[in-house]
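Working notes, structure below.
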Amino acid sequence: MKIHFKKDKEENNTGWNRVAVPVVAIFIFTFLVILQRRGVVLDDNRGEVNGDYSFTEDVKTTAECLLIVDKEDVNTLEITPEMEIVLKQMKIPYDKKDVTEVDWDTDLYNYRNVVISFSDWDKMEDGAETLSRWILTGGHLMCDTTPYVGTVFKALFPRLGIESCAGYTKIKGITLLDERMIGSYVKKNFKFSLDGEEDGLDISLGIQLSKDCDRVVASEDGSVPLLWGYKSGSGKTVIMNYTMTDKFQRGFYCLAYSMLDDVCIYPVINASSYYIDDFPSPVPSGDSTYIMRDYGVDIATFYANYWLPQVIKWEKEYGIVHTGFIIEDYNDNVNAPFKRNYATARFLMFGNMLLNNGGELGLHGYNHQPLCIKGIDDDMQFGTYKLWPDSKSIVEAITELKDFSDQLFPNETFRVYVPPSNIISEEGKKALLNADKDITIISSIYLPDADVNSCTQEFGIDEENNVIETPRIVSGCDMDEYMYYTAFSELNFHYVQSHFLHPDDVLDPDRGAEAGWAKNVEWFNEYLDFLKVSVPDIRQCTGSEMGDATLKYTKLSVERIYKNDCLEVNLGGYAGDASFLLRLTDKEIVNVAGGTAYKQAEGCYLINATSDHLKIEFK
């Protein structure tokens, strides 16, 4: 066994109140067979996304968790879908029951852990007494949303580590009280963008805790406990005392669930990728005012002499690699014929510089018109972009782009596609994949855009279109607190980092152009420094390597066998390597068989498995 310990320790504008209750954010996973839809039909000969990998058979698992919901509670509609995504992607087998369907005398004892995913605990009625006894005799209970202050909630105070409750109170941000979360060595405070809620968000209870509680997260001023654990008898409870729902919260749900057991392990992607959209491409148009102000040169000269050298410097200083996405032309033509761009010197210079530094190239578009079809996707038309007349035109345009790129870079296989402006319809996606059989990965965005009908993705496999999805999480150099929070959360959930940049960011005042390129470099250096200290062991990946890592992560099935002095893990869907995060509470690692452990935070280890069987001994 080899355990690596971290060395001594060395801040898209989206309002936070947009995602606080009562806004609904429902994410539904639906897996369908490929059906003929109105418009384009995906070819049957695309093959599997598995590539050259051979995966072992899935392992059989038994539900360890009971998720209790209330179908009539608005919080169930908002919080439960997020909690289910977290459980599924942690590969935690679970059952779900409505509170009205639970047989409290028998159901609780069939599970190791129970998650209450609703606010009105009075609906448990007489079951609350059984729940209390179950906790005392060894049960583990998590609450994923702020409860209402009712009779049952008050009666369970002794099980929850609560001494008193003064009703709802407002918070303006969060503070991490220790260093068990990845990244907390560097950043412990996150302020909410309150936008009309300057007094704070009314989403938490003013609670006083027992001195024996394990406090993890508090409000920005430390006065309101937001996440804590409490040992009660032989059991344990973990309470989340703030109700916010969006993807940025998943890392905290994941942490809360992992606190239920003294030892918790879950698979992760373990990948960090940097994308440059519209690169290589013709010289982008835009306002050169700030470039002329600071450098006295035109746009083309700035990119060659200042912008690209800085990108290469980032690669050398931080050990990162970039994947660039080719745009052949910036015309707005959506009707054949699609003329070839013969001004290729810029493409060759920039593209080969990226490749020679270990990077990769993918496809972005013949032009920058999103792949949406007139008469089918009219609701997705955005700004001055045109809709394509039919799928045949899309196929011809992508075929031209593919041929153009193949001639410039004959040794490259372009596996990754990024939609222009992160917009693509289902019909456009099918036309794209029919046109280019090499594309196995589509990378759009992770966070929803309130103003655009963007392609918002999850990390995983789009079963209907037989393609891997690897969304980009954050973007630009001037990253706000919302992006930092999301990036932080994803390091603790998927152990993944995914960032994209546009060359024309420096031409757009909305993306930091007015501050100047030097200031943008300073901002992005801060983000790269945050990552360098927080996740020195994360794998630096090209776009296709990110896709392969996501594929292997998605295919995994996990059987956990809990014992007094060890945790054994059997893996299905294993293809030669896998990564996990291991979290320990009041335990220390003694030995890891079948993998290597790297310390990431207090009680948190990255486990790189080299076998389909892990045995983790602890004391």
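Here Phe338 meets the list (1) buried (at least 18 other Cβ atoms within 10 Å of the Cβ); (2) farther than 21 Å from Glu412 by Cα; (3) aromatic (Phe, Trp, Tyr); (4) touching a Pro at 6+ places or on another chain (Cβ under 9 Å) almost entirely, failing just condition (4). Restricted to segment 556-619, the set of strands (runs of 3 or more DSSP E) holding at least 2 residues that are open to solvent by less than 10 Å² (accessible area, probe 1.4 Å) comprises 566-572, 578-584, 595-601, 604-609, 613-618.
Looking across segment 48-76 at every residue that is surrounded by 16 or more Cβ atoms within 10 Å (Cβ to Cβ) and not in a loop (DSSP other than H, G, I, E, B), the one that is modelled with the lowest pLDDT is identified as Asn75.
To keep it simple, each residue is scored yes or no on (1) open to solvent by 60 Å² or more (accessible area, probe 1.4 Å); (2) closer than 18 Å to Ser119 by Cα; (3) more than 33 Å from the chain's Cα centre (by Cα); (4) of a type outside the set (Lys, Arg).
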site: Gly150; (1), (2), (3), (4): no, yes, yes, yes
site: Leu156; (1), (2), (3), (4): no, yes, yes, yes
site: Thr169; (1), (2), (3), (4): no, yes, no, yes
site: Gly173; (1), (2), (3), (4): no, no, no, yes
site: Ile182; (1), (2), (3), (4): no, no, no, yes
site: Asn189; (1), (2), (3), (4): yes, no, no, yes
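When you check Asp246 against the structure, is it touching a helix residue (DSSP H, G or I) at 6+ places or on another chain (Cβ under 8 Å), of a type in the set (Asp, Glu), over 25 Å from Ser164 (Cα atoms) and at pLDDT below 95, yes or no? So Asp246 passes the test. In segment 317-345, the residues that are farther than 29 Å from Ser498 by Cβ and of a type in the set (A, V, I, L, M) reach residues that are in a loop (DSSP other than H, G, I, E, B) and open to solvent by 50 Å² or more (accessible area, probe 1.4 Å) with C-beta atoms within less than 6 angstrom, at least six apart or across chains, in these pairs: Val334/Lys386.
Filtering segment 501-542 to residues that are part of a helix (DSSP H, G or I), open to solvent by 70 Å² or more (accessible area, probe 1.4 Å) and closer than 20 Å to Gly324 by Cα leaves only Arg511. Taking segment 543-555 as the range and being more than 20 Å from Ile326 (Cβ to Cβ), open to solvent by 10 Å² or more (accessible area, probe 1.4 Å) and polar (S, T, N, Q) as the test, only Thr554 passes.
Scanning segment 418-450 for residues that are of a type in the set (Asp, Glu) and either at pLDDT 95 or above or closer than 17 Å to Cys372 by Cα (or both) yields Glu426, Glu427, Asp436, Asp438. Quick one: is Ile207 open to solvent by less than 30 Å² (accessible area, probe 1.4 Å), among the aliphatic types (A, V, I, L, M) and over 21 Å from Asn492 (Cβ atoms)? Answer is yes for this residue. Here Asp126, Asp103 are screened, and the one residue that is more than 25 Å from Gly251 (Cα to Cα) and modelled with pLDDT under 95 is Asp126. Scan segment 328-338 and tell me whether some residue there is of a type outside the set (Val, Ile, Thr), closer than 28 Å to Ser272 by Cβ and at pLDDT 95 or above. Within segment 328-338 (the criterion being of a type outside the set (Val, Ile, Thr), closer than 28 Å to Ser272 by Cβ and at pLDDT 95 or above), the answer is no, since none of the residues qualifies.
Of the candidates Tyr306, Tyr242, Tyr275, Tyr230, the single residue that is out of contact with any Cys (no Cβ under 7 Å at 6 or more places or on another chain) and assigned to a strand (DSSP E or B) is Tyr275. Filtering segment 410-460 to residues that are open to solvent by 10 Å² or more (accessible area, probe 1.4 Å) and acidic (Asp, Glu) leaves Glu412, Glu426, Asp438, Asp449, Asp451, Glu458.
The values are calculated or read from the model by the stated rules, or taken from the named source; none is laboratory data. Computed from a predicted model, the values in this text were never measured in an experiment. As a convention, Cβ positions derive from the backbone with ideal geometry for all residues, glycine included, and neighbour counts pool all protein chains shown. SASA here: full protein model, heavy atoms, side chains in, ligands and nucleic acids out. Shrake-Rupley method; radii C 1.70, N 1.55, O 1.52, S 1.80 Å.
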